[in-house]
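Student: Got a structure for you, questions after.
Every number here is computed from the coordinates shown, using simple stated rules; none is lab data. What you see is a predicted model, and the numbers here were worked out from it, not measured in a lab. Neighbour counts are summed over all protein chains in view; Cβ atoms, including those assigned to glycine, are modelled from backbone coordinates with ideal geometry.
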Amino acid sequence: MYVDILLGLQWGDEGKGKIVDYLAPKYDIIARFQGGPNAGHTLVIDGEKTVLHTIPSGIMQKGVVNVIGNGVVIDPVTLVKEITTLTAKGIDVKGNLLISKKAHFILPTHKVLDAASEAAKGKSKIGSTLRGISPTYMDKTGRNGLRVGDILNADFQEQYTKVKEKHLHLLKQYDFEFNVDAAEKEWMESIEIIRGFKLVDSEYYLNEALSNGKKILAEGAQGTMLDIDFGTYPYVTSSNTISSGACIGLGVAPTKIREVIGIAKAYCTRVGSGPFPTELDNEMGERIRQIGGEFGATTGRPRRTGWIDLVALKYATMLNGVTQIVITKADILNEFETIDFCTSYKVNGEQTTSIPFDIDRVNIEPVYETVPGWNQDLSPYKDFSSLPATVTNYLGLIEKHLGAPVSMLSTGPQREKLIVK
């Protein structure tokens, strides 16, 4: 029938997992279209937290099929740990998870290459999660990758060894000690478990589902500003995180896309190195970090924090063709007397509302406007019409600048803490 896309509009960590979990019952299939275990989608259901790295966030909903698409890179060990955790919670993972044969595997030596490369950069580190993501995508584009469907081949071990030997040769250029024997044993054991799952030609599966009137939600990972082409290059991830990436990462045509749902925090965060124009490297930034629990779901690293950046959000809205916006973590600002939001940049003394090509090299001074905060708990509110004027004013300013409506407001991590327009 149609595909809706849900993705992040900032640097990731926008709260996509919760929104996918909420929306999942409205769809037949949830399909993850890019990224790898560098993602961390957190769900809080009945007070219990679950962090998903590879499996789509619809897995907690009964009767919803979840597909790991061809654009995803999979660490078998991480995937099996997720499967084990979910199964222990009574989730029917085996019955509701399909894995694309065209998805690529992260090998133990991919992780070593990632760590060795990052260490060699010294002060110029990108801020990699060291999950082997970049080397895996490099092998994919270099036509040397190992794919999920390969584990069904009789010569899989030979294919694996060929890729591993290539990596060992590349590692000779680094002064980096490593031993992959233990990791390789666990990796191979995980492969045996994955063999027991439904491995499919996902592009055929999804298009047949569309022909049969099924509704699909495409789930993105990371965020728009980390897109390999349009993000804050070179401080980006290794895949296309924007809406057009869903077509490539799932094998569906652009004509099948209906809605593009963009997720943004009421403020802004970033993990790792790279440009962050509205960063608050001060007491206010630390206050937001502590109240918001801004520590990476995957890495545990403290996130950099700052005020909402409407220049970057407008750029992201344009790139993705966003049709509706979800604002998350509004509750983190409950106790703020005033709230700042960036409406333009000053670059070399000139004011602009565009993202500079060389954003990683130029000095950007954010231009702020300030509005009164709501300074109260938002959890009692259940609909938009009853929200305080300070909140609706804040959301109205976002809508005005971005040219797209705010359709949901998250007021807490729990599934029920969501106001839907």
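Student: What size of dipole, in debye to the nearest 20, comes out for the chain about its Cα centre when the only charges are +1 on Lys and Arg C-beta atoms and -1 on Asp and Glu C-beta atoms?
Tutor: In total the dipole reaches around 720 debye.
Student: Distance between the C-alpha centers of region 386-421 and region 1-62? Whole Å please.
Tutor: Value for the Cα centre distance between the two parts: 20 Å.
Student: So, counting K/R as plus one and D/E as minus one, what does the shell of residues with Cβ under 14 Å around Thr370 add up to?
Tutor: Residues close to Thr370 contribute a combined charge of -3.
Student: Can you tell me which lysines have their Cα less than 21 Å from the Cα of Lys162? Leave out same-chain residues fewer than eight positions away.
Tutor: Lys101, Lys102, Lys111, Lys140, Lys172, Lys185
Student: Next up: Just to be sure I understand, if you calculate Rg and Dmax of the Cα atoms in Å for this structure, which of (i) 21.3, 65; (ii) 23.1, 83; (iii) 21.5, 71 do you get?
Tutor: Read-out from the structure maps to (i).
Student: Sticking with this one: Assign unit charges at the C-beta atoms only (+1 for Lys and Arg, -1 for Asp and Glu), then state the dipole size of region 194-342 relative to its Cα centre in Debye, rounded to the nearest 20.
Tutor: 520
Student: Which of these, Pro56, Pro388, Pro405, has the largest mean-square fluctuation under a Gaussian network model of the chain (Cα springs below 10 Å)?
Tutor: Pro388
Student: Could I ask something else about it? What does the charge count near Leu418 come to, summing +1 for each Lys or Arg and -1 for each Asp or Glu among other residues with Cβ under 12 Å from its Cβ?
Tutor: It works out to a net charge of +2.
Student: Compute the angle between helix 283-292 and the longest alpha-carbon principal axis of the chain, please, reported from 0 to 90 degrees and rounded to the nearest 10.
Tutor: Once rounded, the angle reads 60 degrees.
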